[in-house]
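*Asks:* Before we start, here is the structure in question, set down as structure tokens.
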Amino acid sequence: MASGNESGTFWMPPQSSTIAGDVDALFEFIYWLNVIFFLMIAVGTVWFAIKYRRRHEGQLATSQVAHNTLLESLWTFIPLVLVLAVFVWGFRVFLDQSVAPENAYEVRVKGEKWSWTFTHPGAAVPKVNILDVPPPGTPTKLVMSATDVLHSFFIPEFRVKADVIPGRYTTLWFEPTRPGTYQVFCTEYCGTGHSDMLAKVVVHPTMESFNKAVTGGGTLPEGMTPVAWGEQLYTELTCNACHSLDGSRKVGPSFKGIWGTQEPLEGGGTALVDENYIRESILDPNAKVTAGYPAAMPTFKGRITDAQIDALIEFIKAQK
Ligand code: CUA
């Protein structure tokens, strides 16, 4: 269960879930098994090559020994036991990983090119790329599906990973061992924005801060300007996967200098890039697509608040 390796090793990031220690123990076992057998075989090969090399003319090229029952039994039986041990051990860890505890906090997860949307029970708005979970002691279960292509949800520090598939549900659960913020990766190649398909798991230190985060959010954080918040949202909502700030071409048009321009539209005509155009493009991305770009943007309807849209508008305005 919960184990103490909180700083990580050369191979592994810190262990931050109840199952991480079990996964790592199995990994270490298989790893050292491989090291030992590799050395035995490699050293043996070299040793025999030297020991039994042909020394003089007329010497027989091969050994006359054809059979050794004891040796053959041993090199069948010992690996069999090891392989069975790895199977039984692995299967137990796999079952532990697969079956979520009854009392788990359940969150719906949607994977979509190129963001993660989390629907927390009781929350007003789903959160994009931020998963809030209760403090250590409460397990969290994720019920996941994709809307477009295969994705995979991976939290290295928790040692949990599962494919996220269109048209069906997969689940994953974890129980964190300490509060903090943990990185989520998409680990199934899903297009140009794959490496930007990142999210954070926030393990709250108390139920108070957890409840506050789940029910709150979606409004301008205290002490932050709309532009600064818009900049944060630009990364959090993975706008950055498709829209650059330096004028370079990505999946969508760059935000640099776009404010106030007349954008040529796919199918003819132009649109003035103002508050209404940006708002429409966030909520109904395919209504007015810029000429020369694919209609690839997912809608943020129901996943973004008006305050967040306002902040993004202010941020885009500021990209001169
Ligand atoms: Cu989603 Cu890679």
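*Asks:* For the subset of the stretch 302-320 comprising residues that are of a type in the set (Val, Ile, Thr) and in a helix (DSSP H, G or I), which member is farthest from residue 283 (Cα to Cα)?
*Replies:* So, considering only residues that are of a type in the set (Val, Ile, Thr) and in a helix (DSSP H, G or I), the one farthest from residue 283 (Cα to Cα) is 316.
*Asks:* Would you check if residue 231 is closer than 24 Å to residue 295 by Cα, open to solvent by 40 Å² or more (accessible area, probe 1.4 Å), outside any loop (DSSP other than H, G, I, E, B) and in contact (Cβ under 8 Å) with a residue 12 or more places away in the chain?
*Replies:* It is true that residue 231 is closer than 24 Å to residue 295 by Cα, open to solvent by 40 Å² or more (accessible area, probe 1.4 Å), outside any loop (DSSP other than H, G, I, E, B) and in contact (Cβ under 8 Å) with a residue 12 or more places away in the chain.
*Asks:* Working only within the stretch 110-146, note down all residues that are within 11 Å of the ligand (Cβ to nearest atom) and part of a loop (DSSP other than H, G, I, E, B).
*Replies:* 113, 114 - these are the residues of the stretch 110-146 that are within 11 Å of the ligand (Cβ to nearest atom) and part of a loop (DSSP other than H, G, I, E, B).
*Asks:* Being under 30 Å from residue 300 (Cα atoms), among the aromatic types (Phe, Trp, Tyr) and without any contact (Cβ under 8 Å) to a residue 40 or more places away in the chain: is that true of residue 105 here?
*Replies:* The answer is yes for residue 105.
*Asks:* Under 24 Å from residue 301 (Cα atoms) and open to solvent by 40 Å² or more (accessible area, probe 1.4 Å): which single residue out of 147, 117 fits that description?
*Replies:* Unique residue meeting the criteria: 147.
*Asks:* Looking at the stretch 46-75, I want the residues that are at pLDDT 80 or above and have a partner that is among the hydroxyl-bearing types (Ser, Thr, Tyr) with Cβ atoms under 7 Å, at least 6 apart or on another chain. Which pairs are those?
*Replies:* The qualifying pairs are 52/63.
*Asks:* I'm checking my understanding of the structure. Among residues of the stretch 150-178 that are buried (at least 17 other Cβ atoms within 10 Å of the Cβ) and in a loop (DSSP other than H, G, I, E, B), which one is farthest from the ligand (Cβ to nearest atom)?
*Replies:* 177
*Asks:* Considering the stretch 185-210 alone, what residues qualify as being open to solvent by 60 Å² or more (accessible area, probe 1.4 Å), among the aromatic types (Phe, Trp, Tyr) and either over 22 Å from residue 18 (Cβ atoms) or more than 16 Å from the ligand (Cβ to nearest atom) (or both)?
*Replies:* Hit for the stretch 185-210 is 189, nothing else.
*Asks:* Show the residue pairs that are 6+ apart or on different chains and have beta-carbon atoms under 6 Å apart, the first residue being within the stretch 185-211 and without any contact (Cβ under 8 Å) to a residue 24 or more places away in the chain and among the small types (Gly, Ala, Ser), the second being within 10 Å of the ligand (Cβ to nearest atom) and open to solvent by less than 80 Å² (accessible area, probe 1.4 Å).
*Replies:* none
*Asks:* Determine whether residue 294 is open to solvent by 40 Å² or more (accessible area, probe 1.4 Å), more than 28 Å from residue 107 (Cα to Cα) and touching a helix residue (DSSP H, G or I) at 6+ places or on another chain (Cβ under 6 Å).
*Replies:* No.
*Asks:* Any residue that is open to solvent by less than 80 Å² (accessible area, probe 1.4 Å), touching a Leu at 6+ places or on another chain (Cβ under 7 Å) and more than 16 Å from the ligand (Cβ to nearest atom) - is there at least one of those in the stretch 237-252?
*Replies:* no
*Asks:* A follow-up question, please. In the stretch 1-45, which residues are modelled with pLDDT of 90 or more, closer than 28 Å to residue 141 by Cβ and of a type in the set (Gly, Ala, Ser)?
*Replies:* 16, 17, 20, 21, 25
The values are calculated or read from the model by the stated rules, or taken from the named source; none is laboratory data. Predicted model only: the values in this text are computed from it and were never measured. Reconstructed Cβ throughout: ideal geometry from the backbone, glycine too, with neighbour counts over all protein chains shown. Heads up: the accessible areas ignore ligands, DNA and RNA and are worked out on the full protein's heavy atoms, side chains in. Shrake-Rupley method; radii C 1.70, N 1.55, O 1.52, S 1.80 Å.
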